[in-house]
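S.K.: Take a look at this one; I'll ask things after.
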Amino acid sequence: MDILGAALGQFDRYLLVLSRVLGMFIATPFFSSRSIPGPIKFGLALLLAFFLLPAAAASSGVSPEENLYRYVAAVAAEVAIGLVIGYIVLLAFGAMQMAGEMIDIPIGFSLVNILDPQSGQQVPIMAQFQYVLATLLFLLINGHHYVLEALARTFELVPLGGWRYQPEVIGKVVEAFGAMFLLGFKISLPVVAALFLTDVALGVVARAVPQINVFIIGFPAKIVVGLVFVMLALPLYASIVEATFSPNGQMFQFIYRLFSTGGGGQ
């Protein structure tokens, strides 16, 4: 009851913590899943904000009684911090999905789309496969725990009410986007290279033996080659996903660098 009373007595700080948590929940994959009912997500955010309240040790220095406009601005800033965290995590998952889209084009699956229940959009087959596999590996290595740890650490890097916009923030967000694009290209490179060599081989066959209709045998051959190399590359894919979502991985390093140099400070 003492802890509960203290939390109720610091409701202004609790609301700031809750704003950051809700911002992260809105943008972060898995936490923003449509399969999780809204009341459950909101209740989890309320509970998580309560447990994170001690981590937000620094006082905001802003209360609604003293300056309502500054307090509203602080709430908006906390939501923005949570959205940035979720955006970087979303970029990492987007890199996995983009790798599948790069494979879909040469393998011939880009014309066939399926419904993604998470986003409600039509996505190619391999893109959806890579995304679902990345989500399973993310949960298997307790990546959702690491995201919550990163959220708790941001309260050390950016105290409540301590967000100060700096021009470097946009550059670091763009840098994260470019790094995740490069990551998706690296993931798809083995399969895309194998399919490119298959196209070269089919071109040689068509040149050497014009009687063979390479368009008829080309499509099933590329599908077989593509699926075989996707299976062979699964261990590499799993290691890349684990390295990306590990506590010292590229994704979390971007989050920490962003808030330690570009976004935080009093």
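S.K.: Looking at (1) over 22 Å from ILE141 (Cα atoms); (2) at pLDDT 80 or above, find the lone condition where LEU236 falls short.
M.R.: So the condition that LEU236 fails would be (1).
S.K.: Could you list, in sequence order, all residues of the stretch 7-58 that are small (Gly, Ala, Ser), assigned to a helix (DSSP H, G or I) and touching a Leu at 6+ places or on another chain (Cβ under 7 Å)?
M.R.: ALA7, GLY23, ALA27, ALA45, ALA49, listed by residue number.
S.K.: Of the conditions (1) more than 23 Å from the chain's Cα centre (by Cα); (2) at pLDDT 85 or above, ILE217 fails just one. Which one is it?
M.R.: Condition not satisfied by ILE217: (2).
S.K.: Being modelled with pLDDT under 85, buried (at least 23 other Cβ atoms within 10 Å of the Cβ), in contact with a Gly (Cβ under 9 Å, 6 or more places away or on another chain) and small (Gly, Ala, Ser) narrows it down to one residue among ALA99, ALA74; which is it? So that I can check it myself, show each step before the final result.
M.R.: Numbers: ALA99 fails: modelled with pLDDT under 85.
So the residue among ALA99, ALA74 that is modelled with pLDDT under 85, buried (at least 23 other Cβ atoms within 10 Å of the Cβ), in contact with a Gly (Cβ under 9 Å, 6 or more places away or on another chain) and small (Gly, Ala, Ser) is ALA74.
S.K.: Within the set of pairs 6 or more residues apart or between chains, which connect a residue that is touching a residue at least 40 places away in the same chain (Cβ under 8 Å) inside the stretch 79-92 to a residue that is basic (Lys, Arg) with Cβ atoms less than 6 Å apart?
M.R.: Taking only residues 6 or more apart or on different chains, the pairs are ILE81/ARG20; GLY82/ARG20.
S.K.: Give all pairs with beta carbons closer than 7 Å in which a residue from the stretch 197-225 that is aromatic (Phe, Trp, Tyr) meets a residue that is at pLDDT below 85 and not in a helix (DSSP H, G or I); count only pairs at least 6 apart in sequence or on separate chains.
M.R.: PHE219/GLY108
S.K.: Determine which member of the set VAL230, VAL241, VAL225 is surrounded by 14 or more Cβ atoms within 10 Å (Cβ to Cβ) and either part of a loop (DSSP other than H, G, I, E, B) or under 16 Å from the mean Cα position of the chain (by Cα) (or both).
M.R.: VAL241
The values are calculated or read from the model by the stated rules, or taken from the named source; none is laboratory data. All values reported here derive from a predicted model rather than from experimental measurement. With ideal geometry, Cβ positions are generated from the backbone for all residues, glycine too; neighbour counts draw on all protein chains shown.
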